[in-house]
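Report on one structure; see the data block that follows.
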Number of protein chains: 2
Amino acid sequence: MPIVAIEPRATSVEVEVGTALLDAIVAAGREIEASCGGEGTCGQCRVQVSNGAVEYVPRGYLDPSELEQGWVLACSSRVVEDIAVRMEDESERRAVAPAGDLGRGGAHSDSSEPLSVKRLLQVEEPSQENSFSDLERIERALADGAEPISLSCDLDTLRGLAAALRRGAHRVSVTLARAESGSAAELTRIEPGDTTSRSFGLAIDVGTTTCAAHLVDLVENRILATGAEYNQQSTRGLDIISRINYAKTPKRQAELRQLVLETLNSVIDELCRQSRVATDDIDHASIAGNTTMTHLLLGLDPEHIRLEPYTPTVNAPPLLRGYEVGLHLHRNALVTYAPGVGSYVGGDITAGLLQTALASEREEISLFLDVGTNGEIVVGNGEWLMACAASAGPAFEGRGVRCGMRADAGAIERVHVDPNSGRAEVSVIGGGGPKGICGSGVIDLLAELWSVGLIDSAGRFADSLGGELLRKDDGPGRNAAYIVVPAKASASGQDILFDERDIQSLLRTKAAVYGACSFMLKSIGLGFGAVKRVYVAGGFGRFLDLEKSITIGLLPDLPLESFVYLGNSSLAGAHAMLTRRAARMRVRELADRVTYLELNVSPAYMDEYTAALFLPHTDLEQFPSVKRTMKGTARE
Amino acid sequence: MPIVAIEPRATSVEVEVGTALLDAIVAAGREIEASCGGEGTCGQCRVQVSNGAVEYVPRGYLDPSELEQGWVLACSSRVVEDIAVRMEDESERRAVAPAGDLGRGGAHSDSSEPLSVKRLLQVEEPSQENSFSDLERIERALADGAEPISLSCDLDTLRGLAAALRRGAHRVSVTLARAESGSAAELTRIEPGDTTSRSFGLAIDVGTTTCAAHLVDLVENRILATGAEYNQQSTRGLDIISRINYAKTPKRQAELRQLVLETLNSVIDELCRQSRVATDDIDHASIAGNTTMTHLLLGLDPEHIRLEPYTPTVNAPPLLRGYEVGLHLHRNALVTYAPGVGSYVGGDITAGLLQTALASEREEISLFLDVGTNGEIVVGNGEWLMACAASAGPAFEGRGVRCGMRADAGAIERVHVDPNSGRAEVSVIGGGGPKGICGSGVIDLLAELWSVGLIDSAGRFADSLGGELLRKDDGPGRNAAYIVVPAKASASGQDILFDERDIQSLLRTKAAVYGACSFMLKSIGLGFGAVKRVYVAGGFGRFLDLEKSITIGLLPDLPLESFVYLGNSSLAGAHAMLTRRAARMRVRELADRVTYLELNVSPAYMDEYTAALFLPHTDLEQFPSVKRTMKGTARE
């Protein structure tokens, strides 16, 4: 088994091949920060590999220059051989973090400044000499000798003042909404005694298919738990447009609102249960979602998003409160949103951009692809930003595919198809019998089946495919299906299947994304050659295979080092906004800067889309490395 | 009948003796502003008497110098002889109004600036080129070419945006909360089409005994209707302390809150009915009340107001909303309060001070007396202000007196007792048979009965009183009662009575007020001689008789021209705050400036109180003019 040697304070540990480096370091008894729990979304577990190499999946937290120097995130690295790594201590880390770049990194790039802060106050007791009211004495304690400022508060908070002060012997914890845009200071909560160690926040990504959240300790600036569930609205339409079509009456809008609230509240309740946190101690929720999801969550009529000229009620919702929104939070909790750009480029995209350096580059042009149920693409640099949206469908999120599932335990995330037998060899998240296939597994499967010639460029099964690999007797309306895992090896005791409809669905999805990128670049007279970096966000599994994504024509055929896989950048961006003032300022600036390009009105986009409906593309010249493989040449 | 000649544009009219000058002017077909409906609370109906004289009751809207020049309020003047009056036109009026003095006058001293403003917007329609959200387009329409500012709004308002814009063909009326203390602009309402002519406000005085309100047209800056009702809480205690004692459980606090809400909502509903205004069109309520009433209305536990060291939860409640407070207003209506000074000097007093020049005088010392259920006294000038409170009781508001009633139609407001027969001659508000006696009637009655020797200085009936004037057979526990109006002449067919308990109650009330004034002045080494002006506010009838108030020892024995009767100055102050930004600023400054003096802890106050429990006082030297009358000398 490989040995991991850790500096400073030489420690070493022997681990199995494939062990996450983070686990190895923890096994060695060393302290390492990873506030996201090893999900690759906090950027804290940076280590430098000084000897040997690891299998690393880039997360967008490290500069190319840092990568060259061997820096990796321990959570996203697998140990495959003997290595030596160097951990940074707190002081070193600050020096290494790219100064002034808000686009990158997690909590380490500036200090924590949540929008909601809790303070312990020793309030003066009233006396004949100090005849100030309860509220005035709190204002004076806050001012601490300076000129007191007037606090605003709601009536329920006001009603609790007298009892809280007296129950706490005038030692109280007050929660204040930080004034960021000239608004007066607001008291949102008062509790007797010292509860300042208990202030929590939620970063929430409301996706069309999946809702995900981090529960964050705002005092320690640490992710306590992470969870996700399928959006219950999916039963009322898999994509945005069908969701809007469903929401045609106020009653149905209320129903859809209820469904997403149930989804989110179920995630929140579970996170709180795991972390032993009361939902009432959640003081702030930072939400990122596409514009339609935002409208449906807030009970806003989404109709005009669908109708020309595609007008949302709101792109940047104002500051709202827990009791208004209906989430399981403190009644007065602040609810903030990542601002959207327009009807089809929402706050999930601006939040995602926070996780990239795209909008900070001097001249280099980068591409940002968020492949969720809708595919959104941003192209630009520090000078200009352009965005568009392509209706992709939820295939890469494990929906709309026969045996699809989220990248949870039991999901097939890697597939290799044996060229001789045609049988699939799968690797399953968490090991054991597979339950279904997640996004990265589906991409692998498609790429492998095509590579070994079991499907053709149009996505049809080859005539050679048959026998025990193909199931044909599958009821009316269903066509032939490739057996990925036979019933006897699956967790459910049922065949895990992949059929031609699944393939067509995946082809449409990847064509929408690739076609949109291609169209955007052509619209400004550029091609993929001008793109220096591609940020890939989305609901794929944890480990996206770039080569196979290129093989199927989802991603452009660029050098592998151009790609940065961000994971759920919408959630990571919502987290940044939850804890960092600079991120809250930056995301508003980003939303203002992006110019939206409408695809619906463009026949040129339809041409690009149609051309991309093949594996990898009708124009093989766009995929030189794939073309070389097809010719039997070794890939470079 | 006397003739009233009116300049400019010579008009004349002949009216009966006793006609209000305001009615005479209206009868002459002339336009005159009196937005309070002739209640003496708006200060608008100023006219100059250039020939002859009127019977005038000062309202505190005119300077002594103006009074000398013959200026009067037409509503508070009665025609008794031929006169010539000069009306000011709009341009003249502005010149006459005392510049820069916020303490005085109604709507004429600065232009209307309500806290809530309505604007008609022509919002740009969305298009492929203008892809801004509904909220953004509203922000841009508001900015009118300048840099748009971010509007905040609540979720319900946000939900109405899309439909309002489209129903109104993008012509909408938006209601905005004016940002006065650095807070961001807030959209509180949006309606399709032009509704800018409909924006209403309420000025509310929440008294311990009586609740009164003006319904104000905020667009035309005009009082539409005025109304009052007894506070339904009175059944749970007549004064503040008994009300607080009752409110000892959260359930009872809720009950008291409900009672005052029912009272106020009944007044509001009636005002709206009279004026054909929907309660939903009320955008702002400006409330003045004593600290206990404020706590009970807001559902705040009043207990610590009663317990040493007498600490309210809040003196200056933050900006609240209609839905929080529970009044019949628009859900998002702004609810603001006149700030109080402390537990026993509340917002009703600071609002009342707005109606005086007391706090603006260079050196002259003035006294402000608010004789409601609690008696509050303020003394000071432009340099210093001191206040105290005396538990007076509701006798002068028509409560706690056997046949007492509010100064409504049917109330006896004037009494003359014939020295020979001992019979009372009464004048009744609105004429007809009397129903009861209001505050000014009670003062008259007490003074007259004492003057003719039917009661002694301790308030006991004289032995000479008897026969048909006295009723003795009045059940157990009740003592002898003077028959003010016999059953056959009263509206109810029952005797209108005045008994020794009533007298004791009145003596305690007037002793509390006079004793407090005396104590305050002595505490700073002054006597009544230092006082140049006395402002009298309170729930008396419309026409308080100063001489009789002095006779009973309620008011100090100062020259009559020193007194200014303000009427319900708390309501008038709330009205000023509703419509004028300067008044809102000023009232906060006043609350900050007043120093509170606690009477409860002072034995010296008890001495002053006890000495004042006689008619007019144990120390007759303090009442030289009364003393001269007693000796049979003609009063000067």
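The values are calculated or read from the model by the stated rules, or taken from the named source; none is laboratory data. The structure displayed is predicted, hence computed values, not measured ones. A quick note on method: Cβ atoms are made from the backbone with ideal geometry, for glycine too, and the neighbour counts reach across all protein chains shown.
When the residues of segment B:413-449 are narrowed to those that are closer than 16 Å to B:Ser549 by Cβ and touching a Ser or Thr at 6+ places or on another chain (Cβ under 7 Å), which ends up surrounded by the fewest Cβ atoms within 10 Å (Cβ to Cβ)?
Restricting to residues being closer than 16 Å to B:Ser549 by Cβ and touching a Ser or Thr at 6+ places or on another chain (Cβ under 7 Å), the top hit is B:Arg414.
Among the residues of segment B:1-28, which ones are in contact with a strand residue (DSSP E or B) (Cβ under 7 Å, 6 or more places away or on another chain), among the small types (Gly, Ala, Ser) and either free of Cβ contacts under 8 Å to residues at least 40 places away in the same chain or loosely packed, with under 15 Cβ neighbours inside 10 Å (or both)?
The answer is B:Ser12, B:Gly18, B:Ala27, B:Ala28.
Could you check how many residues of segment B:358-383 are farther than 18 Å from B:Leu555 by Cβ and in a strand (DSSP E or B)?
Summing the residues that are farther than 18 Å from B:Leu555 by Cβ and in a strand (DSSP E or B) in segment B:358-383 gives 1.
I'd like the full set of residues that are touching a Ser or Thr at 6+ places or on another chain (Cβ under 8 Å) and of a type in the set (Asp, Glu), limited to segment B:351-390.
Correct list: B:Asp370 only.
Residue under question is B:Glu324, and the condition is that it be within 22 Å of A:Glu186 (Cα to Cα), charged (D, E, K, R) and in contact with a helix residue (DSSP H, G or I) (Cβ under 8 Å, 6 or more places away or on another chain); does it hold?
yes
List every residue pair whose Cβ atoms lie under 6 Å apart, where the two residues are 6 or more positions apart in sequence or sit on different chains, the first residue falls within segment B:447-473 and is closer than 15 Å to B:Ser421 by Cα, and the second residue, located anywhere, is modelled with pLDDT under 90 and in a helix (DSSP H, G or I).
Pairs found: none.
Please list, ordered by residue number, the strands (runs of 3 or more DSSP E) wholly in segment A:384-430 having 2 or more residues that are within 21 Å of the chain's Cα centre (by Cα).
Here the list reads A:385-391, A:411-417.
Please identify the pairs in which a residue from segment B:562-577 that is within 19 Å of B:Ala591 (Cα to Cα) has its Cβ atom under 6 Å from the Cβ atom of a residue that is of a type in the set (Ser, Thr, Tyr), counting only partners at least 6 apart or on another chain.
B:Ala572/B:Thr41; B:Ala574/B:Ser286; B:Met577/B:Ser286
Please give the number of the condition B:Val123 fails out of (1) modelled with pLDDT of 95 or more; (2) within 14 Å of another protein chain (Cβ to nearest Cβ); (3) surrounded by fewer than 21 Cβ atoms within 10 Å (Cβ to Cβ).
Answer for B:Val123: the failing condition is (3).
Which pairs have Cβ atoms under 6 Å, sit 6 or more apart or on different chains, and link a residue in segment B:39-57 that is modelled with pLDDT under 85 to one that is basic (Lys, Arg) and assigned to a loop (DSSP other than H, G, I, E, B)?
Cβ pairs passing all conditions: B:Gly40/B:Arg59.
Being more than 7 Å from chain B (Cβ to nearest Cβ) and out of contact with any helix residue (DSSP H, G or I) (no Cβ under 6 Å at 6 or more places or on another chain) is the filter here; which residues of segment A:293-309 pass it?
Matches in segment A:293-309: A:Met293, A:Thr294, A:His295, A:Glu303, A:Leu307, A:Glu308.
Of a type in the set (Gly, Ala, Ser) and within 27 Å of the chain's Cα centre (by Cα), is that true of B:Ala516?
Against the criterion (of a type in the set (Gly, Ala, Ser) and within 27 Å of the chain's Cα centre (by Cα)), B:Ala516 qualifies.
If we scan segment B:101-109, do we find a residue that is at pLDDT 90 or above and more than 10 Å from chain A (Cβ to nearest Cβ)?
No: segment B:101-109 contains no residue that is at pLDDT 90 or above and more than 10 Å from chain A (Cβ to nearest Cβ).
From (1) more than 30 Å from B:Ser150 (Cα to Cα); (2) part of a loop (DSSP other than H, G, I, E, B), pick out the condition that doesn't hold for A:Ser150.
For A:Ser150, the exception is condition (1).
For B:Gly375, which of the numbered conditions (1) touching a Leu at 6+ places or on another chain (Cβ under 8 Å); (2) surrounded by fewer than 24 Cβ atoms within 10 Å (Cβ to Cβ); (3) in contact (Cβ under 8 Å) with a residue 40 or more places away in the chain; (4) assigned by TED's automatic domain parsing to the domain that holds B:Ser518 fails to hold?
Checking B:Gly375 against (1) touching a Leu at 6+ places or on another chain (Cβ under 8 Å); (2) surrounded by fewer than 24 Cβ atoms within 10 Å (Cβ to Cβ); (3) in contact (Cβ under 8 Å) with a residue 40 or more places away in the chain; (4) assigned by TED's automatic domain parsing to the domain that holds B:Ser518, the one that fails is (2).
Look through A:Leu176, A:Leu218, A:Leu224 and report the one residue that is in the same structural domain as A:Glu139 (by TED's automatic domain parsing), buried (at least 16 other Cβ atoms within 10 Å of the Cβ) and farther than 26 Å from A:Asn600 by Cβ.
Matching residue, one of A:Leu176, A:Leu218, A:Leu224: A:Leu176.
Looking only at residues that are in contact with a strand residue (DSSP E or B) (Cβ under 6 Å, 6 or more places away or on another chain) and part of a loop (DSSP other than H, G, I, E, B) in segment A:331-345, which one is nearest to A:Ser391 (Cα to Cα)?
A:Tyr344
Looking at (1) over 18 Å from B:Ile412 (Cβ atoms); (2) modelled with pLDDT of 95 or more; (3) not hydrophobic (A, V, I, L, M, F, W, C), which is the one condition that is false for B:Glu448?
Result: B:Glu448 fails condition (1) only.
Residue-by-condition table, conditions (1) surrounded by 16 or more Cβ atoms within 10 Å (Cβ to Cβ); (2) at pLDDT 95 or above; (3) farther than 22 Å from A:His416 by Cα:
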{"site": "A:Ala481", "(1), (2), (3)": "yes, no, no"}
{"site": "A:Val485", "(1), (2), (3)": "yes, yes, no"}
{"site": "A:Gly493", "(1), (2), (3)": "no, no, no"}
{"site": "A:Arg508", "(1), (2), (3)": "yes, no, yes"}
{"site": "A:Ala512", "(1), (2), (3)": "yes, no, yes"}
{"site": "A:Leu526", "(1), (2), (3)": "no, no, yes"}
{"site": "A:Val531", "(1), (2), (3)": "yes, yes, yes"}
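Only one of A:Ser492, A:Ser505 is polar (S, T, N, Q) and assigned to a loop (DSSP other than H, G, I, E, B). Can you tell me which?
A:Ser492
Restricting to segment B:126-138, count the residues that are more than 7 Å from chain A (Cβ to nearest Cβ) and surrounded by 19 or more Cβ atoms within 10 Å (Cβ to Cβ).
Counting residues in segment B:126-138 that are more than 7 Å from chain A (Cβ to nearest Cβ) and surrounded by 19 or more Cβ atoms within 10 Å (Cβ to Cβ) gives 3.
Specify the residue that is nearest to A:Ala338 (Cα to Cα); the eligible residues are those in segment A:588-619 that are within 14 Å of chain B (Cβ to nearest Cβ) and touching a helix residue (DSSP H, G or I) at 6+ places or on another chain (Cβ under 6 Å).
For segment A:588-619, the residue satisfying everything is A:Ala591.
Say we look at segment A:328-345 and pick out the residues that are crowded, with 22+ Cβ neighbours inside 10 Å, away from chain B (no Cβ under 11 Å) and touching a helix residue (DSSP H, G or I) at 6+ places or on another chain (Cβ under 6 Å); which of these is nearest to A:Arg586 (Cα to Cα)?
That would be A:Ala338.
Taking into account only those residues within segment A:139-153 that are more than 20 Å from B:Arg588 (Cα to Cα) and not aliphatic (A, V, I, L, M), which is surrounded by the most Cβ atoms within 10 Å (Cβ to Cβ)?
A:Asp144
When you scan segment A:562-636 for helices (runs of 4 or more DSSP H) that lie fully inside it, which ones turn up with 2 or more residues that are hydrophobic (A, V, I, L, M, F, W, C), buried (at least 17 other Cβ atoms within 10 Å of the Cβ) and under 27 Å from the mean Cα position of the chain (by Cα)?
A:569-579, A:581-593
On the given criteria, is B:Lys548 surrounded by fewer than 21 Cβ atoms within 10 Å (Cβ to Cβ), in contact (Cβ under 8 Å) with a residue 40 or more places away in the chain and either outside the structural domain of B:Val335 (by TED's automatic domain parsing) or more than 20 Å from B:Ala213 (Cα to Cα) (or both)?
For B:Lys548, the condition - surrounded by fewer than 21 Cβ atoms within 10 Å (Cβ to Cβ), in contact (Cβ under 8 Å) with a residue 40 or more places away in the chain and either outside the structural domain of B:Val335 (by TED's automatic domain parsing) or more than 20 Å from B:Ala213 (Cα to Cα) (or both) - is not met.
Tell me whether segment B:165-172 contains one or more residues that are more than 13 Å from chain A (Cβ to nearest Cβ), surrounded by fewer than 19 Cβ atoms within 10 Å (Cβ to Cβ) and in contact with a Leu (Cβ under 6 Å, 6 or more places away or on another chain).
no
Return the only residue of A:Leu620, A:Leu578, A:Leu558, A:Leu613 being under 30 Å from A:Thr226 (Cα atoms) and at pLDDT 90 or above.
One residue alone meets the criteria, A:Leu578.
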